[in-house]
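These notes are about the structure you will find just below.
Each value in this text was obtained by applying a stated rule to the coordinates, not by laboratory testing. Here the structure is a predicted model, which means the values were calculated and not measured. Backbone-built Cβ (ideal geometry, glycine too); neighbour counts: all protein chains shown.
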Amino acid sequence: MRRGISVILACLFVSLLSASAQAGSLSVRLVRASHTAGGSSSGLGDVIPVFQKSLPYSHYSLAGSTSMTLPASKATRQLGGYSVTCSGSQNSLAITVKHGRKQLLNTSVRLSRGKPLILGGFPSGQDKLVLVFVAR
Amino acid sequence: MSRLPWRKIETSLRTERPESGMKPADAFWSDFKARARLCNQDSPVGSVRVPMFLRWGLATTCAAALLAVVVTQGGLGSTEGGSHIKSLEVVASHSAVMIIEDEPTESTILWIVDMSLDRGEST
């Protein structure tokens, strides 16, 4: 009898563990990359070193941010004229980026907690816009 | 006072010796078990009897949860790596796509070169 109860408790523990592994949140930030100074780079401390190492721009500023829960079910957020729609879990997240009603790209990604995924090159005048996805 | 000879003392002690009453171990335990069966035993305090249907229900739920983990996480033993891109379709017109992986931070940059907001061919 005691062994049976132990097995049931172990199964419940595994179930809770799996549920917590799937749940989480996704932060999405819109960053303006430019050659001219302007805006604040606060809130970008985790990605500025990556930008400076890999991208040919000298200034980066936060143009907007939002978040959503994971797993997502066609969750759409508006950021600076772009809309970002996410579906799926952290391990298989489908992302669609639109500008107005124009679809720009579809991608499927795997996100690791705290490891940024950066989608960039969206035009905005002389500057470029960058989307930064980080799973928490 | 008369003095008894030792032989008589020894004989009288032998006859008046009480029986030891010690039983062999097998006889003792079989007798004990027989007596124990005669009276009702109270169940231990705090014991819970889980119905069979509840046990099977929980077991099925747990199996389903484990299966979900295996399917969605790519196995229980999957290790955390960096974020990465599985598939990509660029609908907007562009000239090139660059994927840069930064090892120290385990981050990935997808950069679309010369993207135009006018609709174009997909990659």
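At-a-glance table
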{"item": "Reach of residue B:23 by Cα under 27 Å, taken over lysines that are not fewer than 8 positions away in the same chain", "result": "B:33"}
{"item": "More than 16 angstrom apart: percent of Cα pairs within region A:23-119", "result": "58 percent"}
{"item": "Taking only Cα atoms of region A:55-104, radius of gyration then Dmax in Å", "result": "12.8, 36"}
{"item": "For region A:24-135, with +1 on Lys and Arg beta carbons and -1 on Asp and Glu, the positive-most of A:27, A:76, A:51 along the dipole", "result": "A:76"}
{"item": "Residue A:73 versus residue A:23: modelled label distance in nm, points set 7 Å from Cα along the beta carbon direction", "result": "1.6 nm"}
{"item": "Histogram of C-alpha separations across region B:82-123, 5 Å bin width, %", "result": "6, 23, 26, 17, 14, 10, 3, 0"}
{"item": "Cβ-Cβ FRET estimate between residue B:55 and residue A:92, R0 fixed at 35 Å, reported to 0.05", "result": "0.55"}
{"item": "Burial ranking of peptide ranges B:53-61, A:100-108 (average Cβ count within 10 Å, highest at the top)", "result": "A:100-108, B:53-61"}
{"item": "At R0 = 35 Å, FRET efficiency that the Cβ-Cβ distance of residue A:102 and residue B:64 yields, to 0.05", "result": "0.30"}
{"item": "Links that overshoot a 18 Å alpha carbon limit, given the list A:98/A:128; A:74/A:115; A:115/B:86; A:128/B:86; A:74/A:98", "result": "A:74/A:115; A:128/B:86"}
